[in-house]
Amino acid sequence: MSFIKNLLNIFSDQNDAKKINRIATKFAALKSQNRKALIPFITAGDPNPEVTVLLMHQLVQSGADIIELGVPFSDPMADGPTIQRSSERALKHHVSLHDVLHMVSEFRKTDSTTPVVLMGYANPVEALGYAAFAAKAKDCGVDGILIVDYPPEESAEWVQCLEQQEIDAIFLLSPTTPQARIEQVAKMARGYVYYVSLKGVTGASHLDLQDVSAMLAQLRQYIALPIGVGFGIRDGATAKAVAGLADAVVVGSRIIEEIEKSPEAELLGNVGNLIGTLRKAIDEN
Amino acid sequence: MSAYDLPNKEGHFGPYGGIFVAETLISALEDLRKQYEFYRDDPEFKAEFAYELKHYVGRPSPIYHAKRWSEHLGGAQILLKREDLNHTGAHKINNTIGQALLARRMGKKRVIAETGAGQHGVASATVAARYGMECVVYMGSEDVKRQATNVYRMKLLGATVVPVESGSRTLKDALNEAMRDWVTNVEDTFYIIGTVAGPHPYPMMVRDFQAIIGNEAKVQMQEDFNRQPDALIACVGGGSNAIGLFYPYIDDTNVRLIGVEAAGKGIDTHQHAATLSTGKPGVLHGNRTYLIQDENGQIIETHSISAGLDYPGVGPEHAWLKDCGRAEYVSITDDEALEAFHTLCRYEGIMPALESSHALAYAAKYAPTLSKDKLLLVNLSGRGDKDMATVAQMSGLTL
């Protein structure tokens, strides 16, 4: 029975992949339920490569809508110490971009609907090549890609490769992004836009909700896509508050901390509980 | 042939350079670019920069004809551009003064810097003291251990030295950490990058400030030798002293430009920092350039006896000069550099920095293949006092 179900999944997945955009489908479904998306970030291969696919399923089971999967890099310039350490743990296991893609295809074997967005730095992509990476990512079931150090200025060819494969190019916006660039990003971005709610690196504190609210109002004048807010979301209260303003809540460092402090046997359970708490808080809106 | 005019307005040198940074840094870089493009043509800024270089740094640095060493080598004449005689003992101060003057005009009260060997950190701490600014220097914790004297020097100058514990705990990680500080404190902070790397406009701006080296050399060569040299030789880590000497000569195609990278224990080992000789193009620290990386695009730890060359990237303009064939890049091992260090001490009474010793070692190989009327101008980018402990250790001594 489960064999047939798997077979059907794979079959429908192959068909869906050509037509249906999982990210747009997800946001449309959430909108119809008047709910906000919860987008957890984990680093592929942290704390070891074996746990990642299990962890992805756990995230979904506990209430995640979209998964941002970090591609480990030796020099994660835009990340704070927590996510840097997660990258270092993954790299101890030599987790490569190929390995990350393989994890996504493993995940897809039993989950054909949850969108997966890869997030990482330019150089592993440069090493593989734009077109080769985009094609392989499509084959493996990746829905969106955010390369932190490919700003719109340097992205024309890259975005073209993603478009050819119908993969969403996710872009960042920050509190310091001027209006002209917001318009530029609005033209290039697909899927959703990720608003970094703080100056600084990932894992920083101090989230000023009034600032976020004002900036989102400005962004929405130009951007029709859903807007996710990340940086500084640490608990149910901040998640709930941000969900009141944005279309999606992105949580990274707080989850990595949970992974970091959990004994291996309790890792899935602890992360699941955290996601459950965040989910509940977000749905209270 | 049209005059060399790079980078273009997007900061590209051919396929290299650019602004490969997260969105959070874009507006700061845009602001810096606009301010720099204004002030670089501002007569008052130019006059103050020139005044500081003359009276504070002690420029122009002379060109010295190393006659005894040239005779010993038995070929071309070796001339040394004496950047080691600058205040703080290296070319680094040319750039830190330029950036500090810009920081003041931009109203920034705090400067940050990354450093490997400590030379750029010292040069940054020096100008911060000179202009009354707060200074924080990021330095890999491994380098903090290896360069204790320079750490103390920075502290004496009033700077805070922050040891960086992430990654390989060396220069590249210090650069990552300085970027993180900048992104967090961008409103009151100016990031003084020490070499011709990083996102646009840094490679262009640092080059322009260092171009004083080549501009002086052109005039001095004409005055002292009535002609220009046959080749310029300079060491390349990030490549700021080399580009400073090369840049004014790029259109003078009868002058060979030779960059010397650190081959460490040999370029066939994994312990070297010869980026242009062995690396592949990629993206790191805000620009596209050659990088020492593995097949998955992870950056590999490098090795060189000289901390100033121990960097897995290289300035994007060097990447372009290599690809278009205008400059050549060679490499020199730790042992060869060390031998040149000792030779210059003994033959000329000049103690070169280990970084500069790489350029000297290549000159020592190259000169004997040329006739005695040829002129090689070597950039003696820094003095070697800072390296005495390393040299002693290599000779089996402890100071």
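Evaluate the following for B:Gly214: is it away from chain A (no Cβ under 11 Å), in a loop (DSSP other than H, G, I, E, B), modelled with pLDDT of 95 or more and buried (at least 22 other Cβ atoms within 10 Å of the Cβ)? Show your work before the answer.
Numbers: away from chain A (no Cβ under 11 Å): yes; in a loop (DSSP other than H, G, I, E, B): no; modelled with pLDDT of 95 or more: yes; buried (at least 22 other Cβ atoms within 10 Å of the Cβ): yes.
Criteria not met by B:Gly214.
With the requirement that a residue be at negative phi, outside any strand (DSSP E or B) and buried (at least 20 other Cβ atoms within 10 Å of the Cβ), what does segment B:7-19 give you?
Residues of segment B:7-19 that are at negative phi, as a first pass: B:7-10, B:12-13, B:15-16, B:19.
This time we only want the ones that are outside any strand (DSSP E or B), so: B:7-10, B:15.
Within segment B:7-19, just B:Pro7 meets the criteria.
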Only residues that are within 21 Å of the chain's Cα centre (by Cα) and either part of a loop (DSSP other than H, G, I, E, B) or surrounded by fewer than 17 Cβ atoms within 10 Å (Cβ to Cβ) (or both): list them for segment B:230-247, please. B:Val236, B:Gly237, B:Gly238, B:Gly239
Subset of segment B:8-19, residues under 15 Å from B:Lys34 (Cα atoms) and within 7 Å of chain A (Cβ to nearest Cβ), comes to B:Glu10, B:Ile19
Show the residue pairs meeting these rules: Cβ distance below 6 Å; 6+ apart or different chains; first residue within segment B:214-230 and basic (Lys, Arg); second residue at pLDDT 95 or above and part of a helix (DSSP H, G or I). B:Lys218/B:Pro248
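For B:Ala22, are the conditions met, namely being within 12 Å of chain A (Cβ to nearest Cβ), buried (at least 21 other Cβ atoms within 10 Å of the Cβ) and either under 28 Å from B:Leu232 (Cβ atoms) or not polar (S, T, N, Q) (or both)?
On the way: within 12 Å of chain A (Cβ to nearest Cβ): yes; buried (at least 21 other Cβ atoms within 10 Å of the Cβ): yes; either under 28 Å from B:Leu232 (Cβ atoms) or not polar (S, T, N, Q) (or both): yes.
Yes: the conditions hold for B:Ala22.
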For segment B:305-322, check the following and say yes or no: at least one residue is among the hydroxyl-bearing types (Ser, Thr, Tyr), buried (at least 21 other Cβ atoms within 10 Å of the Cβ) and assigned by TED's automatic domain parsing to the domain that holds B:Ile267. yes
Which of the residues spanning segment B:25-38 are of a type outside the set (Lys, Arg) and more than 9 Å from chain A (Cβ to nearest Cβ)? B:Leu29, B:Asp31, B:Leu32, B:Gln35, B:Tyr36, B:Glu37, B:Phe38
Condition first: in a loop (DSSP other than H, G, I, E, B) and under 17 Å from A:Ile145 (Cβ atoms). Now tell me which residues in segment A:32-57 satisfy that. A:Ala44
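Looking at segment B:81-180, what strands (runs of 3 or more DSSP E) fall wholly within it and have at least 3 residues that are at pLDDT below 95? So that I can check it myself, show each step before the final result.
On the way: elements: B:110-115, B:134-140, B:160-164.
Those strands (runs of 3 or more DSSP E) do not exist here; none qualify.
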So which residues in segment B:156-175 are without any contact (Cβ under 8 Å) to a residue 12 or more places away in the chain and surrounded by fewer than 20 Cβ atoms within 10 Å (Cβ to Cβ)? B:Leu156
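Mind listing just one residue for me: the one in segment B:87-138 that is among the charged types (D, E, K, R) and within 28 Å of B:Glu165 (Cα to Cα) and, of those, surrounded by the most Cβ atoms within 10 Å (Cβ to Cβ)? Give the derivation first.
Within segment B:87-138, the subset among the charged types (D, E, K, R) is B:92, B:104-105, B:108-110, B:114, B:130, B:134.
If we keep only those that are within 28 Å of B:Glu165 (Cα to Cα) too, we end up with B:92, B:108-110, B:114, B:134.
On the way: B:Lys92: 31, B:Lys108: 20, B:Lys109: 13, B:Arg110: 17, B:Glu114: 29, B:Glu134: 15.
My answer is B:Lys92.
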Among the residues of segment B:57-85, the number that are touching a Lys or Arg at 6+ places or on another chain (Cβ under 7 Å), surrounded by fewer than 24 Cβ atoms within 10 Å (Cβ to Cβ) and under 30 Å from B:Gly121 (Cβ atoms) is 4
Cβ-Cβ under 6 Å, sequence separation 6+ or interchain: first residue in segment B:92-114 and within 28 Å of B:Cys235 (Cα to Cα), partner of a type in the set (Lys, Arg). Which pairs? none
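So how many residues does segment B:32-72 have that are within 26 Å of B:Ala363 (Cα to Cα) and either touching a Ser or Thr at 6+ places or on another chain (Cβ under 9 Å) or acidic (Asp, Glu) (or both)? First the steps, then the outcome.
Within segment B:32-72, the subset within 26 Å of B:Ala363 (Cα to Cα) is B:59-72.
Imposing the further condition that a residue be either touching a Ser or Thr at 6+ places or on another chain (Cβ under 9 Å) or acidic (Asp, Glu) (or both) reduces the set to B:69, B:71-72.
The qualifying residues number 3.
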If B:Gly140 meets every condition in (1) within 14 Å of chain A (Cβ to nearest Cβ); (2) closer than 30 Å to B:Glu48 by Cβ; (3) in contact with a strand residue (DSSP E or B) (Cβ under 7 Å, 6 or more places away or on another chain) apart from one, which number is that one? (2)
Top-ranked residue in segment A:83-106 [being over 23 Å from A:Ala132 (Cα atoms) and within 17 Å of the chain's Cα centre (by Cα); ranked as nearest to the other protein chains (Cβ to nearest Cβ)]: A:Gln84
Of the residues B:Val144, B:Val127, B:Val137, B:Val122, which single one is assigned by TED's automatic domain parsing to the domain that holds B:Ser168, touching a Pro at 6+ places or on another chain (Cβ under 6 Å) and aliphatic (A, V, I, L, M)? B:Val144
Residues of segment A:61-79 being on the phi < 0 side of the Ramachandran plot and either without any contact (Cβ under 8 Å) to a residue 40 or more places away in the chain or surrounded by fewer than 22 Cβ atoms within 10 Å (Cβ to Cβ) (or both), which ones? A:Gln61, A:Ser62, A:Ser74
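Condition check ((1) part of a helix (DSSP H, G or I); (2) surrounded by fewer than 19 Cβ atoms within 10 Å (Cβ to Cβ)) across all residues:
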{"position": "A:Thr110", "(1), (2)": "no, yes"}
{"position": "A:Thr114", "(1), (2)": "no, no"}
{"position": "A:Leu118", "(1), (2)": "no, no"}
{"position": "A:Pro124", "(1), (2)": "yes, no"}
{"position": "A:Ala131", "(1), (2)": "yes, yes"}
{"position": "A:Glu166", "(1), (2)": "no, yes"}
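Does segment A:135-144 contain at least one residue that is aliphatic (A, V, I, L, M) and within 14 Å of another protein chain (Cβ to nearest Cβ)? Spell out how you get there, then give the answer.
Narrowing segment A:135-144 to residues aliphatic (A, V, I, L, M): A:135, A:137, A:142.
If we keep only those that are within 14 Å of another protein chain (Cβ to nearest Cβ) too, we end up with none.
Looking through segment A:135-144, none of the residues is aliphatic (A, V, I, L, M) and within 14 Å of another protein chain (Cβ to nearest Cβ).
The values are calculated or read from the model by the stated rules, or taken from the named source; none is laboratory data. Quick caveat: nothing in here was measured; it's all calculated off a predicted structure. Here the Cβ is made from the backbone with ideal geometry for all residues, glycine too, and neighbour counts use every protein chain on show.
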